[in-house]
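Working notes, structure below.
The values are calculated or read from the model by the stated rules, or taken from the named source; none is laboratory data. Just so you know, these numbers come straight off a predicted model, no measurement behind them. Cβ: placed from backbone, ideal geometry, glycine included. Neighbour counts: every protein chain shown. Just the protein is used for accessible areas: all its heavy atoms, side chains included, with ligands, DNA and RNA removed. Shrake-Rupley method; radii C 1.70, N 1.55, O 1.52, S 1.80 Å.
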Amino acid sequence: MNQITPDSYVTADGRTIGGTVMEMKNITLRFGGVVAIKDISFDIRQGEIRAIIGPNGAGKSSMLNVISGFYNPQEGDVFYKGQKRPPMRPYQVARLGIARTFQNIALFEGMSVLDNVMTGRLHHMKAGLFSQALWKGRAEREEVENREAVEKIIDFLEIQSIRKTPVGRLPYGLKKRVELARALAAEPSILLLDEPMAGMNVEEKEDMSRFILDVNDEFGTTIALIEHDMGVVMDLSDRVVVMDYGKKIGDGTPDEVRNNQDVIDAYLGVAHD
Amino acid sequence: MREELELAQSSQATDGLMSIPALMRRNAERFAGKAAYREKEFGIWQCWTWSEAREEIETLALGLLTLGIKEGDFVAIIGRNRPYLYWSMVAAQMVGAVPVPVYKDSAAEEMAYVLAHCGARFVIAEDQEQVDKVIDVQDQLPNFEHMVYLDPRGLRKYDHTALHQFQKLQTEGRAQRLAHEAELEARTGRLTYDSTCVMLYTSGTTGKPKGVVLSNRNVIQTSKNSVDFDSLRADENILAYLPMAWVGDFIFSVGQAMWCGFCVNCPESEDTMVTDLREIGPTYFFAPPAVFESQLTNVMIRMEDAGRFKQWLFRKYMAHAKKVGGKILDGHSVGPLDRLNYALGNLFIYGPLKDTLGLGRVRVGYTAGEAIGPELFEFYRSLGINLKQLYGQTEATVFITLQPNGEVRADTVGVPAPEVEIKIEDSGEIFYRSPGVFVEYLNNPESTASTKDAENWVATGDAGFFEEGSGHLRIIDRIKDVGKLADGRMFAPKFVENKLKFYPDILEAVVFGNGRDRCVAFINIDLKAVGNWAERNNIAYASYQELAGHPRVLETIQGHVEEVNRSVAEDPMLSGCQIHRFLVLHKELDADDGEMTRTKKVRRVVVADKFKDLVDALYDGSKTVSTTTEVTYEDGRKGSISATLELRDVAVLPTLSQQVAAE
């Protein structure tokens, strides 16, 4: 363990950013002959909003999938709270306190919003099959506790009016919010958001930005997000990683990244050699 | 002698309870363990009994004392209907301050005007949104000192020198109870019938809002009288969902609730009102016509998706309800077979439908604010819902006239409320005098004097008349809008507009004709209703504008206008108001463009001025007109839309005077 934990600091808007909670070291991910991620290293610090940006096909979603344990990289290591993380299944990663949302919404369409969000509490339910079936003692107590936790999130994200609505009937922007609710229900210490604002109109984007900031502020959740909308990214995040063709081409505060020549080239399009 | 006796009786009748805090304490003793407030939060109805409410209110009042609140200070209260904010009003009264509920959706600038006008020293705000608005304009508020907020979300990092969290302030109040209790008792004890109970700002179709000062006498007497009129009891339940800044909500949720000791239920959020209504099942309910209309539309749309048999059953029984439902409700005689059939319908159709609407337990329901369509009104009454109309205004502490049970009609507003005197001047304007007559407009003696004379008669600004026979009041229009056609016949635009607006397709109508030889109209279609119709008839449209200009839409609207003309022609006084030509506007009239007030009342003068070219075209006989209109988007940006509108001629029936001339 030779990890250097940087000192914590306080941001301009009064949030405290702590030491490193997660670190990617020299990650390389291949699909057959295709190199999706090439030797990338970066870290995520406690309490920060960390964005991963880049043009289409840059490997952003792959990177998020590595963090969430969906892909295991061929080379490199992921460190979580100072410990090297062995290859894991996604549900094991979820138990570590890492929750995520998906780029193309993965909710249970036929179930109500409430039930969908309740599924996010799965790791907080310990009652066995037998006790669940009898609905006595622990099972009942847990259900009540979990419902309470879920209701707080429903209140937080202002989706009370659709609590009992089947998700399939909801418009896109609300589905995205329900997905966020489900991720939050797990009470994660790190929240991974895959394009939380894709396909939204300006007003929906503003709402979602507000919620992301509030989650970070209220629960102190560390957030890593992928986003296409540069305006949103620059406003929201504390630090930004820029990827292009599987490589990291920039890393720093929004201002630093904005003035980085490689980043400008990647976004404006420069011939690759 | 008799007057003296009555006076003595009236002060006895209120048992020396001269203020809202006094009523609150009486309730805390008499109904200690009974539900006083409920609010749905985290998916569950949270409940406070009267004695718990008393504790909450008193600790808040003590908390306000620790901040140095003075008697006579104004306390602005901004947010949606929540028990905490109702308690804030009573807490403010307890320390001798004046609560001023403010519309929560007013823009920062509108809020600045109101807060500066009364010189509010304290603000109690619901959440970050409201706190931000006040902070934005605080430079314009020299008197502003402290702000208390309810929901801490997003506010943790704010500078807390002048900012206090509601519950923390209560904790502080509780901790310093000993130091301030005597002061609190002294101040509450000093409250009299003449102390100011509340100040409410009127919405103002013209000019700036005015602050209406209401005394404890105004509020308590009117609450008592109206409670007696409808025999309201301590076991009523109401749903508090209309703006807290509106006088009606203050009377229902504070005045009458405190007088009776009934329970005020607050919805979980604005969007959940319909669900919450169903869960609470209020026994006493108020809603503007728009709420009833949207509920009916939902029912009808859902019925269209139902199976054939269900549709048949629904139609059959609704027709029966239409025939006898209203009569049964009014206690008229109905044949035994019809009665039996109605009872069956009640079991299978009306009862379940009322439950779905959340109106199954309503004993007394009121609608006011706008005219209600006879069809709509009949629909609810035929189901057995005792929906009635009232006529009132802020200056009267709501009640001027009320419809007694059994004497309910769509086109009148009822008889004078208890202790209300009404007279009608030669001009047709309605004047009233009652214990509810407001004290004054704050800092505005001129307006006070022009509205209220030395003998306490108040001008309503409305024209109306008492119907012969029934003695019920009928409202014609705003007196300033009532004019004369070029040939001297009476012109009352609202009368015609209301008839037009009763059609679900028509959202808004503006009729012109003052000083002209004939009347013309602008029509706004209702996008929801017409859009639904277009969908069912396979009519494709890309925008509001396109739908509004569709020939078949114009055809339908023309049919409506002609029908209205036929009905207008029957009225001997107003038959001159038939519409000769009309157009369907290419945009919806909108408060953001200044064409309407925030309470959705058309600003006639603005509309006439802004669309002058269109009015001229209606009068010069042209078939089409091209126009460009500036629009304001919600975020304040401006744009413009242009359109070519078709102007249509409408069939008109000969009017009485023409008939006379012809003979």
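Tabulated values for the structure
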quantity: Test: residue in region A:192-204 that is polar (S, T, N, Q) and within 20 Å of the chain's Cα centre (by Cα); calculated: no
quantity: Given (1) modelled with pLDDT of 80 or more; (2) open to solvent by less than 30 Å² (accessible area, probe 1.4 Å), index of the condition A:E109 fails; calculated: (2)
quantity: Qualifying residues in region B:504-525 (those that are modelled with pLDDT of 85 or more and open to solvent by 30 Å² or more (accessible area, probe 1.4 Å)) - the one farthest from the chain's Cα centre (by Cα); calculated: B:D517
quantity: Every residue from region B:285-306 that is over 16 Å from B:L383 (Cα atoms) and within 18 Å of the chain's Cα centre (by Cα); calculated: B:F286, B:A287, B:P288, B:P289, B:A290, B:V291, B:S294
quantity: A:P196 touching a Ser or Thr at 6+ places or on another chain (Cβ under 7 Å), closer than 15 Å to A:T101 by Cα, open to solvent by 10 Å² or more (accessible area, probe 1.4 Å) and in a loop (DSSP other than H, G, I, E, B); calculated: no
quantity: Region B:265-283 residues that are under 20 Å from B:V299 (Cβ atoms) and more than 9 Å from chain A (Cβ to nearest Cβ), paired with ones that are open to solvent by 20 Å² or more (accessible area, probe 1.4 Å) and among the basic types (K, R) (beta carbon under 6 Å, 6 or more apart); calculated: B:G281/B:R361
quantity: Region A:157-179 - residue that is in contact with a Phe, Trp or Tyr (Cβ under 8 Å, 6 or more places away or on another chain) and of a type outside the set (D, E) and, of those, farthest from the other protein chains (Cβ to nearest Cβ); calculated: A:V167
quantity: Positions within region B:146-201 being among the small types (G, A, S) and within 30 Å of B:D132 (Cβ to Cβ), in sequence order; calculated: B:G154, B:A162, B:G173, B:A175
quantity: Selection status of A:D207, in a strand (DSSP E or B) and either farther than 25 Å from A:V35 by Cα or open to solvent by 50 Å² or more (accessible area, probe 1.4 Å) (or both); calculated: no
quantity: Only one of A:G97, A:G120 that is touching a residue at least 24 places away in the same chain (Cβ under 8 Å), in contact with a Ser or Thr (Cβ under 8 Å, 6 or more places away or on another chain), away from chain B (no Cβ under 14 Å) and closer than 21 Å to A:I223 by Cβ; calculated: A:G97
quantity: Number of positions in region B:307-344 that are of a type in the set (K, R), over 30 Å from B:K528 (Cα atoms) and more than 34 Å from the chain's Cα centre (by Cα); calculated: 1
quantity: Region B:603-643: number of residues that are in contact (Cβ under 8 Å) with a residue 24 or more places away in the chain and farther than 16 Å from B:G513 by Cα; calculated: 12
quantity: Elements of type strands (runs of 3 or more DSSP E) in region B:11-93, at least 2 residues being within 14 Å of another protein chain (Cβ to nearest Cβ) and crowded, with 18+ Cβ neighbours inside 10 Å; calculated: B:35-41
quantity: Criterion (within 27 Å of A:L157 (Cα to Cα) and out of contact with any Asp or Glu (no Cβ under 6 Å at 6 or more places or on another chain)) met by exactly one of B:F144, B:F74, B:F166; calculated: B:F166
quantity: Residue check for A:V215: of a type in the set (V, I, T), within 17 Å of the chain's Cα centre (by Cα) and either within 12 Å of chain B (Cβ to nearest Cβ) or at negative phi (or both); calculated: yes
quantity: Residue among B:K310, B:K322 that is touching a Ser or Thr at 6+ places or on another chain (Cβ under 7 Å), in a helix (DSSP H, G or I) and assigned by TED's automatic domain parsing to the domain that holds B:R409; calculated: B:K322
quantity: Within region A:142-156, tally of residues that are buried (at least 17 other Cβ atoms within 10 Å of the Cβ) and more than 8 Å from chain B (Cβ to nearest Cβ); calculated: 5
quantity: Residue match in region A:189-208 (condition: within 14 Å of chain B (Cβ to nearest Cβ) and touching a Leu at 6+ places or on another chain (Cβ under 8 Å)); calculated: no
quantity: Selection within region B:350-382 - open to solvent by 20 Å² or more (accessible area, probe 1.4 Å), charged (D, E, K, R) and either in a helix (DSSP H, G or I) or at pLDDT 90 or above (or both); calculated: B:K354, B:D355, B:R361, B:R363, B:E375, B:E378
quantity: Considering residues of region B:171-202 that are buried (at least 18 other Cβ atoms within 10 Å of the Cβ) and among the small types (G, A, S) only, the residue nearest to B:G248 (Cα to Cα); calculated: B:S195
quantity: Residues (of a type in the set (S, T, N, Q) and open to solvent by 10 Å² or more (accessible area, probe 1.4 Å)) located in region B:223-250; calculated: B:N225, B:S231, B:N237
quantity: Single match in B:N532, B:N565 (criterion: open to solvent by less than 70 Å² (accessible area, probe 1.4 Å), in contact with a helix residue (DSSP H, G or I) (Cβ under 7 Å, 6 or more places away or on another chain) and not assigned by TED's automatic domain parsing to the domain that holds B:F465); calculated: B:N532
quantity: Test for B:I385: is it open to solvent by less than 20 Å² (accessible area, probe 1.4 Å) and out of contact with any Pro (no Cβ under 9 Å at 6 or more places or on another chain); calculated: yes
quantity: Hits in region B:27-40 (condition: in contact with a strand residue (DSSP E or B) (Cβ under 9 Å, 6 or more places away or on another chain) and not polar (S, T, N, Q)); calculated: B:A28, B:F31, B:A32, B:G33, B:K34, B:A35, B:A36, B:Y37, B:R38, B:E39, B:K40
quantity: Sole residue being more than 14 Å from chain B (Cβ to nearest Cβ), buried (at least 18 other Cβ atoms within 10 Å of the Cβ) and not β-branched (V, I, T), chosen from A:S131, A:S61; calculated: A:S61
quantity: Residue within region B:547-557 that is among the charged types (D, E, K, R), touching a helix residue (DSSP H, G or I) at 6+ places or on another chain (Cβ under 9 Å), open to solvent by 60 Å² or more (accessible area, probe 1.4 Å) and at pLDDT 90 or above present; calculated: yes
quantity: Total residues in region B:114-152, condition touching a Gly at 6+ places or on another chain (Cβ under 7 Å), within 20 Å of B:S203 (Cα to Cα) and exposed (fewer than 15 other Cβ atoms within 10 Å of the Cβ); calculated: 0
